[in-house]
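Asker: There's a structure below that I have some questions on.
What follows is calculated from the coordinates using simple rules that are stated; it is not laboratory data. Predicted model only: the values in this text are computed from it and were never measured. Quick reminder, even Gly has a Cβ in these numbers, built from the backbone with ideal geometry, and neighbours come from all protein chains shown.
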């Protein structure tokens, strides 16, 4: 089913995405994710 | 992404992030799809025939709950329940409500997909309460 997203809602969604990406929690998550990916031993344990 | 890149990112204060979430919720509540759902719910609430059909179906479901759970309804009981269900779901206002609900769900799914794709995480799953949350 196709849906039409009103311009105001599109803008609000865009701003929410921008702020989520710039939030402290998300940046910390990205830091941790990058550290995990750089640690081959940890990655091997998770596989 | 290395630490240098992270260091260059300007962190959004929690108040700004929360405000953008509030603005998003307000815009969603103002969408034609949500308003359509609210209007359809109100039409259903104010339709005495649909309400009666809903009540009759619900009453029988409650009365036969144990038998339903045990899948122990007789053929007559099954037919009666099916008739009551059909009488309910075939009401015009109920059909309109289901349509409005599906349209709103499609909108929410579309927005959730857009957010998930942009942040690289399943947004709705990430918002859920985990065993640690």
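Asker: Helix B:32-45 versus the longest principal axis of chain B: what angle, 0 to 90°, nearest 10, using Cα atoms?
Answerer: 30 degrees
Asker: Something else: Tell me what the protein assembly as shown gives for mean residue ellipticity at 222 nm when only DSSP H runs of n ≥ 4 count, each as -39,500 (n - 2.57), the sum divided by the residue total, rounded to 500 deg cm²/dmol.
Answerer: -24500 deg cm²/dmol
Asker: Compute the helix-to-body angle for A:7-21: its Cα long axis versus the longest principal axis of chain A, expressed 0 to 90° and rounded to tens.
Answerer: Tilt relative to chain A: about 20 degrees.
Asker: Right, here's the next one. Residues of B:14-24, mean number of Cβ from any other protein chain within 10 Å of their own Cβ, rounded to a whole number?
Answerer: For this peptide, the per-residue mean of nearby foreign Cβ atoms is 5.
Asker: Calculate how steeply helix B:48-63 sits against the longest principal axis of the alpha-carbon atoms of chain B, using the helix alpha-carbon long axis, and give the answer as 0 to 90 degrees to the nearest 10.
Answerer: Approximately 90 degrees, to the nearest ten.
Asker: Something else now. If I model a spin label as a point 7 Å beyond the Cα along the Cα-Cβ vector, how far apart are those points for residue B:76 and residue A:44 in nm?
Answerer: Label at residue B:76, label at residue A:44, 7.2 nm between them.
Asker: So how do B:68-74, A:8-14 stack up, highest first, on mean other-Cβ count within 10 Å?
Answerer: Details: B:68-74: 10.3, A:8-14: 17.9.
Descending packing order for the listed peptides: A:8-14, B:68-74.
Asker: Let me ask you something else. When only Cα pairs under 8 Å and 6 or more residues apart are kept, what is the percent relative contact order across the range B:33-113?
Answerer: Working: 43 pairs, mean separation 40.3, N = 81.
Relative contact order, the range B:33-113: 50 percent.
Asker: Let me ask something else. Exposure proxy check: B:62, B:119 ranked by fewest other beta carbons within 10 Å? Don't skip to the end; give the middle numbers.
Answerer: Details: B:62 9, B:119 18.
Sorted ascending by nearby Cβ count, the order is B:62, B:119.
Asker: A further question on this structure: Across the residues of B:100-111, average count of Cβ atoms on other protein chains within 10 Å?
Answerer: Neighbouring Cβ atoms belonging to other protein chains average 3 per residue here.
Asker: Then there's this: Roughly what would the spin-label model give for residue B:22 and residue B:95, points 7 Å off Cα along C-beta, in nm?
Answerer: Going by the 7 Å Cα→Cβ label model, 4.3 nm.
Asker: Another question about this same structure. Which whole number gives the average count of other chain Cβ atoms within 10 Å of the Cβ atoms across peptide A:22-32?
Answerer: If you average over the peptide's residues, the count of other-chain Cβ atoms is 5.
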